[in-house]
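The values are calculated or read from the model by the stated rules, or taken from the named source; none is laboratory data. Note that the coordinates shown come from a computational prediction; the quantities given were computed from them, not determined experimentally. Methodologically, a virtual Cβ is constructed for each residue, glycine included, from the backbone with ideal geometry; neighbour enumeration extends over all protein chains shown.
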Amino acid sequence: MLNLEELEKKTDQELVELAKDDQEMFGALMARYQGPLFAYVKRISQLGNEDVEDLLQDIFVKAYLNLNSYESSLKFSSWIYRISHNHVVDNFRRISARPRILNTEDDSWMRIVRADTDLEKELADKDCAGKIKEAIERMPLKYREALVLRFVEDKEYEEIMDILQKPKGTVATLIARGKKLIEKDIKKKGIRFF
Amino acid sequence: MKDLIQKTIARLKMEKMKPLPKWRFVLTDVAYWSLVALAVIFSAVALSAGVYLLFQIDWDAPKYAPGGTLRTLFLYIPYVWLAILAILMGAAFFFIRKTKEGYRYRWAVILLSSLSLVLAMGTAAHFARIGMVADDFAYRRVPLYRNVAPGMEHMWQRAEDGFLAGEIESVGKDKIGIVDLEGKKWEVSISENTVRRGPFEIEEGGWVKVIGKSLGSGVFEAQVIMTGGGRMMRGLGGDISGRGEFRRSFDGPGVRGDGRMMRGPGYRWE
C-alpha cells in the first residue's frame, strides 16, 4: 500500500494504471482533481454547491468506468475535463431549466475581461462589475465554457480542443465570438467606453 | 469535499463497478471507421453511377429540340445519385467526427479529404463499370427508380417533343417504317434536307434515332436520323442480369450481332 507521499509523486498516468486494479488508488486521482473540477463545473453550470457535488460524483464514476479509454497521448486533465464538460452538457439537456445562482464571491469571471486588454482599458465604469458578470452568465454555454477554459482555467488551445472535442480553429472562433458577445452586451447596457 | 471521495469510492464498491474493458473502446472506434469506409465506398459507387448516366446522354441531340441542351441537362442530370452522394458524404463526415481523433480536423479538411478519396475511387469504379451495374440494378430492383432517374429511352420516347427511336421495319424511297420503343408503328418521312448521322446504313432490322416533328397519327417528319449508339435498351429485350450478361444476352430484334447500339465500355459510338 502506497503512502500519501509516494502517491503524490506518482504521475496521473501512473495513478490511472494503479486505479484500474485498485479503487482506492482512484481516490488519489479524485483528490488531485476534485478542487479544479468542482470550480470548473460550478462556473459553466451555474448550479449550487450541492448540485455541483452530485454532478462531480457522477463525473468521477464515469471517469472510473472509462479508465481503459484513456490514452497517455492525451493529458489526463484534458481527458477528465472532457468527461466533465460532456456530463454537464448532458445534464443541461436532461433538466432543460438552468437555475442561476449569482455567486458574488467568485470574481474569476473578471479574468475574462482582463484577458482582453482592449476591453478593460475601454471601460470607464469600473463599477459595472455586476453587469459584466451578467453578460457572461447570459451568454450561450458554448461560448462561456470556451472563455472559462481559456482565461479562468488557463488552458492552452490544444487542451481546450481536446476537452471540447472541437478543432482548434473552432475553439478560436468560440473565444473570439464570446468576447464580442460580452462587448455587445455591455454596450447595450449603456456601460461607458472610453 | 473529502466526503465526496469517500462517497464515490463507496458507491463504486457497492455497485461493484469495474472499468469497462479496453476492447469495447477499440471496437467502437473500429465500428466508426468501418462506417466511414462504407460511406466512402458507396459514395464512390454513387458518383460512378452518376457519371455513367451523364455519359449516356446524347449531348448532340438536344440542340435540335425545344429548350436545347440546357433543358436536357436539367431533365437528365442524375439527381438521385447526386442526392445519394451528398447524403453519404454527410454520413462519412458525421462518423469521422465520432472517431477518437476526428474532432481535431476542421470540416473543410475532412470534406476535401473525403471528396478526394471519393473522386479517386469513383473514377476507378467508373472504369470498372460499377456505375453501370449500380444503375442497372436500381433500374430493375428499386421501385420508382426509373421514375426519378429517366434514362435515354425516356428521351427517345417523346415523339411529341420531336424525339423518336425504334427498330426499322421497312425502308422506302423517302420514308421508313419504324416500331418505336413502346411498340407503336411510325411512318417517318425523309427528305433531301434530312441530316443523316452514324456509321450504319438505314436498313431493315437496324435501329435508329430520329429528331424531327410528329405530325400525328403515326407520322413523323425527320430532320435528323442517327444510326447506332446511345443507351436506349435498358430494361428492354434482353435479360439484364449483370454487367457483362446484359450486353451479351441482349439479342432482341433489330440489334446487330455485335450489339453496337450500346454506348458504353465495350461498344463503340462511331
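Brief remarks follow.
- Selection of the range A:45-100 for residues being within 9 Å of chain B (Cβ to nearest Cβ), of a type in the set (Ser, Thr, Tyr) and within 17 Å of A:Gly27 (Cα to Cα) yields only A:Tyr64.
- Test result for A:Asp107, out of contact with any Leu (no Cβ under 9 Å at 6 or more places or on another chain) and at pLDDT below 85: yes
Residues checked against (1) farther than 30 Å from B:Leu164 by Cβ; (2) within 14 Å of chain A (Cβ to nearest Cβ):
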| site | (1), (2) |
| --- | --- |
| B:Ile9 | yes, yes |
| B:Ser43 | yes, no |
| B:Asp58 | no, no |
| B:Tyr79 | no, no |
| B:Leu111 | yes, yes |
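- Yes/no for A:Leu56 being under 21 Å from the mean Cα position of the chain (by Cα), under 13 Å from A:Tyr81 (Cα atoms) and either without any contact (Cβ under 8 Å) to a residue 40 or more places away in the chain or not in a helix (DSSP H, G or I) (or both): yes
- Residue that is farthest from the other protein chains (Cβ to nearest Cβ) [pool: residues in the range A:9-44 that are of a type in the set (S, T, N, Q) and in contact (Cβ under 8 Å) with a residue 12 or more places away in the chain]: A:Gln13
- Check on B:Glu153, surrounded by fewer than 17 Cβ atoms within 10 Å (Cβ to Cβ), modelled with pLDDT under 95, in a helix (DSSP H, G or I) and out of contact with any Gly (no Cβ under 7 Å at 6 or more places or on another chain): no
Yes/no per residue for (1) touching a residue at least 40 places away in the same chain (Cβ under 8 Å); (2) touching a Lys or Arg at 6+ places or on another chain (Cβ under 9 Å):
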site	(1), (2)
B:Leu12	no, yes
B:Lys16	no, no
B:Val26	no, no
B:Ser43	yes, no
B:Leu75	yes, no
B:Thr99	yes, no
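- Hits in the range B:2-44 (condition: surrounded by fewer than 16 Cβ atoms within 10 Å (Cβ to Cβ) and not in a helix (DSSP H, G or I)): B:Glu15, B:Lys16, B:Met17, B:Lys18, B:Leu20, B:Pro21
- The condition (being in contact with a Leu (Cβ under 9 Å, 6 or more places away or on another chain) and farther than 20 Å from A:Arg144 by Cβ) is satisfied by just one residue among A:Leu4, A:Leu29, A:Leu56: A:Leu29.
- Residue tally, condition free of Cβ contacts under 8 Å to residues at least 60 places away in the same chain, part of a helix (DSSP H, G or I) and more than 14 Å from chain B (Cβ to nearest Cβ), over the range A:147-177: 6
- Subset tally (residues that are at pLDDT 85 or above and either crowded, with 16+ Cβ neighbours inside 10 Å or touching an Asp or Glu at 6+ places or on another chain (Cβ under 8 Å) (or both)) for the range B:157-182: 17
- Scanning the range B:129-173 for residues that are free of Cβ contacts under 8 Å to residues at least 12 places away in the same chain and within 14 Å of B:Ser48 (Cα to Cα) returns a single hit, B:Phe137.
- Residue count for the range A:153-185 satisfying the condition of being modelled with pLDDT under 90 and touching a Leu at 6+ places or on another chain (Cβ under 8 Å): 3.
- Of all residues making up the range A:41-53, the number that are in contact with a Leu (Cβ under 8 Å, 6 or more places away or on another chain) and of a type outside the set (S, T, N, Q): 4
- Picking from residues in the range A:145-190 that are in contact with a helix residue (DSSP H, G or I) (Cβ under 6 Å, 6 or more places away or on another chain) and of a type in the set (Val, Ile, Thr), the one that is surrounded by the fewest Cβ atoms within 10 Å (Cβ to Cβ) is A:Val152.
- For the residues A:Asp127, A:Asp58, A:Asp90, the requirement of being modelled with pLDDT under 95 and outside the structural domain of A:Glu159 (by TED's automatic domain parsing) singles out A:Asp90.
- Of everything in the range B:63-96 that is crowded, with 22+ Cβ neighbours inside 10 Å and either charged (D, E, K, R) or closer than 30 Å to B:Ala159 by Cβ (or both), the residue that is modelled with the lowest pLDDT is B:Pro78.
- Looking across B:Leu88, B:Leu35, one residue alone is more than 18 Å from the chain's Cα centre (by Cα) and on the phi < 0 side of the Ramachandran plot. It is B:Leu35.
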